[in-house]
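Read-outs throughout are calculated quantities, based only on the coordinates presented, and are distinct from any laboratory measurement. Bear in mind the structure is a predicted one, so any value in this text is a computation, not a measurement. So basically every Cβ, Gly included, is an ideal-geometry build from the backbone, and we count neighbours across all protein chains shown.
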Amino acid sequence: AQSVTQLDSHVSVSEGTPVLLRCNYSSSYSPSLFWYVQHPNKGLQLLLKYTSAATLVKGINGFEAEFKKSETSFHLTKPSAHMSDAAEYFCVVTKGDSWGKLQFGAGTQVVVTP
Amino acid sequence: KAGVTQTPRYLIKTRGQQVTLSCSPISGHRSVSWYQQTPGQGLQFLFEYFSETQRNKGNFPGRFSGRQFSNSRSEMNVSTLELGDSALYLCASSPTGSGLWNTGELFFGEGSRLTVL
């Protein structure tokens, strides 16, 4: 079985300050992990993915995440938040042999204040 | 390259009716997955189709069904609608669904928002 837990349902940051979104996973095998973002009334867009290569993964729009097996974590960070980062973020896990079946976390709503 | 197209974008039905939602994947993509998104349950996997065959299925009742056509377009159907079926239904496509050639990225459409009254 596999699952992800996003530790914060809401995160509020000021523009220009760092963003940290926390995700812990549970998996009985080597997982593939992703972060997706959903802007209001839009579909989901892939930010970055970890598939057992480098543990520090760089994604789009300045986001990055670090896979820590010992802590079963895959936290998402960005050094400096932009107003356009306001959205909902989902941590996702899947088995490598079935990409179409994703297990989503509950999501973290990010608010960016001027 | 056109993205994933879902139709209709919005629809309103009453309890007991049925609904069919359509998804056109990105050209060349052979895998189509469906997800239900609600405020209470979040994003839940419904089913995945690859080359007209259902490859994975989530934990939804039999009222939820789907199919995929030879051109990779997919439809999902919900019969005997209940109030709890009100949700955003998202379709996603990927090149192969699995294997060495797939990056693991799913490309999502903007969804079909279903309201059941």
When Cβ neighbours within 10 Å are restricted to other protein chains, what is their mean count per residue of peptide A:68-75? 0
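Give the shape of the protein assembly as shown as rounded, prolate or oblate, defined through the alpha-carbon gyration tensor: a ≥ b ≥ c are the square roots of its eigenvalues, a/c under 1.5 means rounded, and otherwise the shape is prolate if a/b is larger than b/c and oblate if not. Present the calculation step by step, with values, prior to reporting the outcome.
Numbers: a/c = 1.82, a/b = 1.40, b/c = 1.30.
Note, shape of the protein assembly as shown comes out prolate.
Averaged across A:84-92, how many Cβ atoms of other chains sit within 10 Å of each residue's Cβ atom? Spell out each step's value before the answer.
Details: counts 0, 0, 0, 0, 0, 0, 3, 0, 3.
Other-chain Cβ atoms within 10 Å of each residue's Cβ, averaged: 1.
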Choose one of B:Leu114, B:Thr14, B:Ser31: the residue whose Cα lies farthest towards the positive end of the charge dipole of chain B (beta-carbon charges +1 Lys, Arg; -1 Asp, Glu; about the Cα centre). B:Thr14
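Nothing charged except the Cβ atoms of Lys and Arg (+1) and of Asp and Glu (-1): what's the magnitude of the dipole of the stretch A:19-114 about its Cα centre? Round to the nearest 20 debye.
Dipole of the stretch A:19-114, to the nearest 20 debye: 140 debye.
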Label point at B:Glu52 placed 7 Å out along Cα→Cβ; residues across the stretch B:73-90 whose backbone nitrogen lies under 19 Å: B:73-77
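Under the definition of Cα pairs under 8 Å and six or more residues apart, what whole-number percent is the relative contact order of the stretch B:1-62? Could you put the intermediate results ahead of the total?
Working: 73 pairs, mean separation 13.9, N = 62.
Relative contact order for the stretch B:1-62 comes out at 22 percent.
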For the stretch A:39-44, what does the Karplus curve 6.51 cos²θ - 1.76 cosθ + 1.60, with θ = phi - 60°, yield as ³J(HN,Hα) per residue in whole Hz, taken in order and with x for Gly and Pro? 7, x, 6, 10, x, 8
Dipole in debye (nearest 20) - the protein assembly as shown, about Cα centre, beta carbon charges: Lys, Arg +1; Asp, Glu -1: 480
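If you place +1 on the Cβ of every Lys and Arg and -1 on the Cβ of every Asp and Glu, how big does the dipole about the Cα centre of the stretch B:1-80 come out, in debye to the nearest 20?
Details: 10 positive and 3 negative charges, 20 e Å.
It comes to approximately 100 debye.
Could you rank the peptides A:3-14, B:42-53 by their average count of other C-beta atoms within 10 Å per residue, with the highest value first?
Working: A:3-14: 15.0, B:42-53: 19.3.
For the peptides A:3-14, B:42-53, the packing ranking is B:42-53, A:3-14.
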Expected vector for the stretch A:59-68, Karplus 3J(HN,Hα) from phi with 6.51, -1.76, 1.60 and θ = phi - 60°, integer Hz, x for Gly and Pro, equals x, 7, 6, x, 7, 8, 9, 10, 8, 10
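Please return the longest stretch of chain A lacking exposed loop sites, where GluC sites (Glu not before Pro) count only if DSSP places them in a loop and at most 15 other Cβ atoms lie within 10 Å.
Numbers: sites that count: A:Glu15, A:Glu71.
For GluC sites (Glu not before Pro) (loop position, at most 15 other Cβ atoms within 10 Å), the longest site-free span of chain A is A:16-70.
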Counting Lys and Arg as +1 and Asp and Glu as -1 over every other residue whose Cβ sits under 14 Å from the Cβ of B:Thr115, the net charge comes to +2
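At a Förster radius of 22 Å, what calculated FRET efficiency corresponds to the Cβ-Cβ distance of A:Thr17 and A:His39, to the nearest 0.05? Before the final figure, lay out the partial values.
Working: r = 20 Å, r/R0 = 0.92.
About 0.60, to the nearest 0.05.
Within a 10 angstrom radius of each residue's Cβ in A:37-43, how many Cβ atoms of other chains show up on average? Whole number is fine. Don't jump to the answer; show the numbers that get you there.
On the way: counts 0, 6, 0, 0, 5, 4, 15.
Across A:37-43, the average partner-chain Cβ count within 10 Å equals 4.
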